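Working notes for the structure below.
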């Protein structure tokens with residue numbers, strides 16, 4: 001099993017929090033759940049952290065059976081469309097970045 005995590009960092013102004021959550025839940029998660037061969041996706045919203053991680057606003061936990069499955073998802077039209085939705089999400093943040101890591105489970 002592979003776990004691909006996307007870590008969204010930046011400042012989220014309080015007035016954008018509701019729009020951030022709504023966009024994630026109504027636009028991005030449905031697309032990600034439709035990625036071919038994805039076995040699960042979870043959106044993790046921090047409730048507290050070490051000071052060095054205070055700018056983490058979201059971690060997406062996406063799981064695949066193997067590398068072939070993950071690569072199929074990454075090459076899919078759903079992922080391309082989700083890239084556009086991600087731009088909208090990032091526009092709600094100040095100084096946004098997205099980092100990815102793939103872990104073997």
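Remarks
- Any chance residue 88 is at pLDDT 95 or above and in a helix (DSSP H, G or I): yes
- Restricting attention to the stretch 7-24, the residues that are surrounded by fewer than 18 Cβ atoms within 10 Å (Cβ to Cβ) and under 23 Å from residue 72 (Cα atoms) add up to 1.
- When we screen 59, 32 for residues that are assigned to a helix (DSSP H, G or I), modelled with pLDDT of 95 or more and within 12 Å of the chain's Cα centre (by Cα), the only hit is 32.
- Unmet criterion (only one of (1) surrounded by 12 or more Cβ atoms within 10 Å (Cβ to Cβ); (2) assigned to a strand (DSSP E or B)) for residue 79: (2)
- Across the stretch 91-105, the qualifying residues are those that are over 21 Å from residue 74 (Cβ atoms) and out of contact with any helix residue (DSSP H, G or I) (no Cβ under 7 Å at 6 or more places or on another chain), and the one among them that is surrounded by the fewest Cβ atoms within 10 Å (Cβ to Cβ) is 95.
The values are calculated or read from the model by the stated rules, or taken from the named source; none is laboratory data. Keep in mind it's a predicted model, so treat the numbers as computed, not measured. No Cβ is skipped: glycine too gets one built from the backbone with ideal geometry, and neighbour counts run over all protein chains shown.
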